[in-house]
Amino acid sequence: MSTTNSTYNDSVNPATNTQFQRQSTLKMNNHNQNFLSSQLRSLLSNPENTTITSALASSPAHTTVQEIAEKLYGPHRDHGHHAHHLAKSGEDVSSTTQEGEKQGGVDKILEKLHMKEHEGRDERLKNAAEEQWSAMRPLSNEQLDEIRKCGQWGNFPPSELFLNVYAQSLLPLETDSLKNLVSPSLIGSTGVIPLSIISVIPDIIKHHADLIVRAQHEIFLATNFWEASGAAQTIVDAIKELSRRVVEEKREKVVIKLMYDRGNPQQVIDPHQPVDVKTYTGDKVKLPAPDQIPGCLLEVQNYHQPPVGTFHAKYMVVDRRIAILNSNNMQDRVNVEMMTHIEGPIVQSFYDMALISWWKSFSPPLPLINHKPIYGIDEKGNTRGLYQFGNDHPVIESKGDLENSANQSRKVLAEHHAQAIEPDSSNNYRQNMVKKEELWDKSDQDEADRVDGQFTSENSINTHLNTGTKIDATDIDPPPNAASFKPIILHSPHDPFPVALVNRPPRGRPGHGDVFVPQDQAWLAGFKFAKKSIFVQTPTFNAVPVVEAALEACRRGVLVQIYVDLGFNDEGELLPFQGGTNQMIATKMYSNLSDEHKNNLEIYWYTGKDQKTPLNAVKKSRNCHIKLMIVDEQIGIQGNGNQDTQSWFHSQEINILIDSTLIVKEWRKGIDSNQNTLHYGKVSSNDGIWRDDQGNPLKGEKPQPKGPFKSLVGVKGAIQRVRGEGGF
């Protein structure tokens, strides 16, 4: 099949897609054949290939990204954005479109909402990824060489494990060249991560703010849900400060593009809705009006693929030189989250992905669209000198004393919550996040010093973590060998390492047929090719493909450690086909393992740094919202995607696949330093139930609802999600 002109087939169901079955059989039976088609290899391997970014740069200002995409890659159905999930594999797009134009108004609406029945579709499979899993085989030496050429790695070749996972993530591009939401030649690249943050939302939002105030030309900010809140106000204050600096320095205005997902009926017609000034300055959003930011030009878009194709992305690109990828939304929640600060050539991949996500034209245009950063290299082929780490990094220098900062962050969150449970004068329940005012960190070191330096006692940790219903510390004495609480991780100096984007496009149609996407392939391949260990932290772990993959890995002798939240979004997960609650899954997983293999599975309930018992997320006092996977202490997948049904089958997700033993080990160390999950959260391998040293279950635990009550509770949870109150 031609990669550039093939008919778009959004939902590749292994049970019904004969092309996928044929490709899978060939790969199983002929291990020495080329892994990818020649057309796809050509798109991936040539750095001179035209990309969405370069094509848009040479086009008139009014040109839409959609026009560019269809010119480069053929008449696909919006490259995963607005796929109407054709009735049969290989059905002609043009004929379907013509037929749709003849339909009546009601039929058109039903079609756009994916509510019309299609023959030949069976998406009720127990495990929609079973064929994909079975088809995965380690690459031969010839195939390793082939895939090694399908990325821009420079002098930093990927490991064999990385290449095996990366190769599987590329297969969906055979049916849609933009299935990864990035131009193919930009998917695999290199980068560095000077710092990561594992902490509560205010610490991550403050890092956003530090980058915003230092922007010189443009900012692209994306979040799943934006609501007027303390977190959002910090961003607004940073934009106002940026504007003040621009005016004072008499610079060109900084262009800001902002995307979020707030459901709108008009998205049935067009999922990408421009947001007018009146709407985005209203009480629900409270972004600044143009006259409040004369030094900036703000354009806002509301994106959602009805009915269930959520824009779950959370990232920011600043001046085409820095990307940050985080797990949190722009709202006040009781979550511990994770963010990575990324630099290097991979940032251009983020930039291209942001353009494709926008899909429309830009008004005003992005000022740096014609100015790609140049990444130098010395005569010995070294690039480390191009990047700064630790105290030398310009962002770190602005963050002040790390020890004092860490203590202050705990204090801020306790005060933050005190306001959250009481209505303000307008009767709005809003968390009172302390504003940064004029304190803008000048460097990463200053930020790390300011945040991490706050934590001088267990009491200060408790105060910092109390963003929800206030709870007392139960861990007065730290567990043996526990590291100190340091939200900001300043990574050791390192050379660039291989990085790839492994994303998924949004899917509006309900059902579980759409798993042939880069993100899901990468996750499955991580479980498939692990030899020693797999670590996962996620709010919810219940998508059937990942549960089955974890069990298979355990049966192969691989140690699988899963950190999840007890009670996280339980009401929403009780809906039919949503997978069930974490407690239900834990019990089920252990019951499906023989005694021989049970020790290979370790499930832990998230336990706060100041606690000796797990925290039930139902009580809204604490959650952990981190999304991370580490395989064999070699590769990591971090980003937006949860291990739940919504992220596996429907939401747009952005993730990085990295190849760095140093970074993934420092991530894992940071995870276990900033929570007590490893020390106190482990459930019993007999039945998946947590018990204390005396054998007592967690206080206040209620039995899981059954029968019709289960579905009623699930409907309530679904409504909360739509309102932005659930577990996204």
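Each reported figure results from applying straightforward, stated rules to the coordinates on display, with no laboratory input. Computed from a predicted structure; not experimentally measured. Cβ: placed from backbone, ideal geometry, glycine included. Neighbour counts: every protein chain shown.
Each peptide among 581-587, 335-341 gets the average number of other Cβ atoms lying within 10 Å of its residues, and from highest to lowest they stand as 335-341, 581-587.
Panel order for 648, 440, by other beta carbons found within 10 Å of each beta carbon, from fewest to most: 440, 648. Under 5 Å between amide hydrogens, built in the peptide plane, is the criterion, and for residue 298 it picks out 256 among residues at least 5 positions away or on other chains. Taking only the alpha-carbon positions of the stretch 258-391 and ignoring solvent, what does the Debye formula give for the base-10 log of I(q)/I(0) at q = 0.17, 0.20 Å⁻¹? Calculated log10 I(q)/I(0) at the listed q: -1.12, -1.39. Each residue of the stretch 669-677 was assigned a 3J(HN,Hα) from its phi angle through the Karplus curve 6.51 cos²θ - 1.76 cosθ + 1.60 (θ = phi - 60°); the sequence is 4, x, 4, 7, 6, 9, 7, 9, 4 Hz, with glycine and proline shown as x.
Could you tell me which of rounded, prolate or oblate describes the stretch 167-262, using a ≥ b ≥ c as the square roots of the eigenvalues of the alpha-carbon gyration tensor, with rounded for a/c under 1.5 and, failing that, prolate when a/b is larger than b/c and oblate otherwise? Prolate, since a/c reaches 1.5 and a/b exceeds b/c.
Assuming 1.002 mPa s and 20 °C, estimate D for the stretch 218-332 with Stokes-Einstein, Rh taken as the Kirkwood radius over Cα pairs, in µm²/s. The Stokes-Einstein estimate is 146 µm²/s. Peptide packing for 512-518, 658-664 was compared via the average number of neighbouring C-beta atoms within 10 Å per residue; ordered from the highest value, the list is 512-518, 658-664. Phi angles across the stretch 508-515 convert, under the Karplus curve 6.51 cos²θ - 1.76 cosθ + 1.60 with θ = phi - 60°, into 3J(HN,Hα) values of x, 5, x, x, 10, x, 9, 10 Hz, Gly and Pro given as x. From most to least packed by mean Cβ count within 10 Å, the peptides 225-231, 127-133, 363-369 give 225-231, 127-133, 363-369.
With neighbours defined as other Cβ atoms within 10 Å of a residue's Cβ, the residues 678, 44 order from fewest to most as 678, 44. Taking the number of Cβ atoms within 10 Å of each Cβ as an exposure proxy, the fewest-first ranking of 552, 142 is 142, 552.
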